[in-house]
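The structure appears right after this line, and notes come after that.
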Amino acid sequence: MTVQFKSTAPLELQDPSLLESRCLIDGEWLGSGEDAVHNPATGALLGNVPRFGAAEATKAVEAASRAFKPWAKRLAKERGAILRRWFELIIANREDLALILTSEQGKPLPEARGEIDYAASYVEYYAEEAKRIYGETIPSHRPDARIMVTRQPTGVVTAITPWNFPAGMITRKIAPALAAGCTAVVKPAPETPLTALALAVLAQRAGIPDGVFNVLTGDAPAIGEVFCSHPAVRVVGFTGSTEVGKLLMRQAAVGVKKVALELGGNAPFIVFDDADLEAAVEGAMVSKFRNMGQTCVCANRLYVQAGIYDAFVTRLAERVAALVVGDGTAPGVTQGPLITGEALAKVETLVADATGKGARAVTGGRHHGLGRTFYEPTVLADVTAEMAVARHEIFGPVAPVFKFTTEDEVVAAANDTQYGLAAYFYARDIGRIFRVAEELEYGMVGINSGLLSSELAPFGGVKESGNSREGGPHGIDEFVELKYMLIGGLAR
Ligand SMILES: NC(=O)c1ccc[n+]([C@@H]2O[C@H](COP(=O)([O-])OP(=O)(O)OC[C@H]3O[C@@H](n4cnc5c(N)ncnc54)[C@H](O)[C@@H]3O)[C@@H](O)[C@H]2O)c1
Ligand SMILES: O=C[C@H](O)CS(=O)(=O)O
């Protein structure tokens with residue numbers, strides 16, 4: 001496991017104006033920096049953003065409310081053209097956006113570029129989808145009347161987003177919302193606000209009108225309270241932990257607001273005896289170690305059938321030991337730091353619990369020698385259901401590998417969680433593929449693949465992993481309301 005470290009040079013952007021640290025409310029850039037944003041790899045200060053609260057959140061929601069009807073009345077083609085322009089600007093500024101993202105979030109630069117492409121793909125997709133929000137006519141129950149159903153924009157959308165995908169988690173909500181004719185107010189995570197603000201700079205340049213897209217930073221509970229209770233808000237969108245999602249759901253219930261929740265996960269990754277072993281190891285690497293294991297769809301529990309358990313563990317450990325840990329901006333680095341000291345402590349506690357109950361660290365298992373929040377990419381063998389890693393979202397570069405014997409046993413184990421976001425399995429028997437895919441209680445199932453996210457498909461979970469879908473044609477549904485019109489008086 002080698003390490004790479006790059007000098008703590010300041011951000012060298014092609015367009016320095018993208019490093020914006022003020023908030024965008026009603027077309028104005030407001031506020032001065034109170035809350036520091038640091039590079040998790042180096043500790044370097046990247047900027048200071050405003051600590052706004054209820055007053056500014058109210059100002060932003062009311063701006064979005066004023067902007068709603070004019071935006072909703074624009075032709076869908078016009079909204080689509082403006083979103084297309086935003087997409088083009090994101091792609092044109094990909095390198096700067098990726099550098100800002102890696103600097104504040106920590107993921108390796110190639111992954112950050114990939115996230116910018118991923119984030120842009122939602123804007124591109126919904127720029128097109130804006131023109132396809134169709135209604136329907138229904139055969140009438142009366143000769144003198146006709147039935148029409150239209151899909152109209154819901155109204156003001158508020159969105160609270162996480163730090164692990166600071167670009168993708170914003171556009172995955174905002175692009176469909178704006179495409180549908182809604183207006184939006186976003187509060188990004190305090191760890192990664194600069195990416196959100198850079199996207200807002202480009203949104204304004206693309207011609208998204210004042211008040212249609214607002215971004216503010218600051219006091220999360222105070223801002224969240226306004227987002228959930230202001231009478232002008234129609235949808236509360238949230239991507240983050242299940243704990244906070246439940247809190248926001250309770251707050252939004254008072255005003256009977258729609259909540260669109262994308263929450264935590266605890267993904268099983270099952271490898272059957274008949275799997276392509278090398279493909280399964282590759283899939284495990286992609287699913288587990290992307291973003292240092294800090295994704296909601298990471299393989300959180302790896303279940304390997306007894307006949308290939310030792311071979312899989314050995315091969316996986318070889319691949320994990322070859323990961324390169326360091327500053328994500330340094331060439332060749334494939335694992336950056338964890339986002340905070342609290343995240344590191346959680347991973348250390350989970351690994352200590354597992355090894356204390358008999359798990360074996362085949363590789364890694366310790367705080368990395370680089371210090372700060374770097375952790376050694378880790379494979380744990382001989383893991384059992386009694387260990388906390390079986391029940392908690394690890395959110396770190398740790399692969400706990402469980403052994404199983406029968407298909408029924410592993411499906412029961414995989415479903416034994418309050419989460420239901422993503423699941424994966426590797427097998428080649430077609431009967432097994434259909435049986436297991438249908439039995440798994442998850443919103444998304446990757447079969448012989450460790451990666452399934454795409455703007456083309458409905459991303460989301462069941463149980464305590466959420467209640468919404470983002471991406472694909474279904475991604476619009478959160479931001480439109482059905483209106484049933486009965487047109488009578490048509491008899492001769
Ligand atoms: N399902 C998905 O699509 C998806 C995607 C990314 C992350 N996640 C989940 O998010 C979690 C990691 O992200 P995180 O640590 O940022 O989650 P988090 O819930 O701690 O924070 C998410 C957002 O909520 C805000 N927040 C925190 N407390 C709040 C409160 N009381 N009121 C209003 N807002 C509040 C934070 O400032 C942040 O912007 C993991 O559980 C991960 O699985 C899910
Ligand atoms: O962490 C959650 C993200 O949704 C991961 S993905 O990039 O969409 O797969």
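Out of Thr363, Thr373, Thr378, Thr405, which single residue is among the hydroxyl-bearing types (Ser, Thr, Tyr) and more than 29 Å from the chain's Cα centre (by Cα)?
On inspection, the qualifying residue turns out to be Thr405.
Contact list please: Cβ distance under 7 Å, first residue in region 52-72 and on the phi > 0 side of the Ramachandran plot, second residue hydrophobic (A, V, I, L, M, F, W, C) and open to solvent by 40 Å² or more (accessible area, probe 1.4 Å), pairs at least six apart or on different chains.
Between residues of region 52-72 that are on the phi > 0 side of the Ramachandran plot and residues that are hydrophobic (A, V, I, L, M, F, W, C) and open to solvent by 40 Å² or more (accessible area, probe 1.4 Å), there is no close pair.
Being modelled with pLDDT of 95 or more, hydroxyl-bearing (Ser, Thr, Tyr) and farther than 29 Å from Gly181 by Cβ is the requirement here; does Ser103 meet it?
yes
I'm told Pro190 meets every condition in (1) part of a helix (DSSP H, G or I); (2) open to solvent by 10 Å² or more (accessible area, probe 1.4 Å); (3) away from ligand 2 (no atom under 16 Å from the Cβ) except one. Can you identify the failing condition by its number?
For Pro190, the failing item is (1).
Please tell me if Val185 is in contact (Cβ under 8 Å) with a residue 60 or more places away in the chain and more than 16 Å from ligand 1 (Cβ to nearest atom).
So Val185 fails the test.
Look through region 410-447, keep the residues that are open to solvent by 70 Å² or more (accessible area, probe 1.4 Å) and closer than 12 Å to Phe272 by Cα, and return whichever of them is farthest from the chain's Cα centre (by Cα).
My answer is Asp429.
Can you spot a residue in region 167-177 that is in a loop (DSSP other than H, G, I, E, B) and either within 16 Å of ligand 2 (Cβ to nearest atom) or among the acidic types (Asp, Glu) (or both)?
There is at least one residue in region 167-177 that is in a loop (DSSP other than H, G, I, E, B) and either within 16 Å of ligand 2 (Cβ to nearest atom) or among the acidic types (Asp, Glu) (or both).
For (1) farther than 16 Å from Ala64 by Cα; (2) surrounded by fewer than 22 Cβ atoms within 10 Å (Cβ to Cβ), each residue gets a yes or a no:
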position: Leu199; (1), (2): yes, no
position: Asp219; (1), (2): yes, yes
position: Val235; (1), (2): no, no
position: Phe238; (1), (2): yes, no
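If you take the residues of region 294-323 that are outside any helix (DSSP H, G or I), surrounded by 17 or more Cβ atoms within 10 Å (Cβ to Cβ) and hydrophobic (A, V, I, L, M, F, W, C), which of them is farthest from ligand 1 (Cβ to nearest atom)?
That would be Val304.
Among what's in region 384-409 and is free of Cβ contacts under 8 Å to residues at least 40 places away in the same chain and part of a helix (DSSP H, G or I), pick the residue that is least open to solvent (accessible area, probe 1.4 Å).
That would be Ala388.
The values are calculated or read from the model by the stated rules, or taken from the named source; none is laboratory data. If you're wondering where the values come from, they're calculated on a predicted model, not measured in any experiment. No Cβ is skipped: glycine too gets one built from the backbone with ideal geometry, and neighbour counts run over all protein chains shown. With ligands, DNA and RNA removed, areas are computed over all heavy atoms of the protein, side chains included. Shrake-Rupley method; radii C 1.70, N 1.55, O 1.52, S 1.80 Å.
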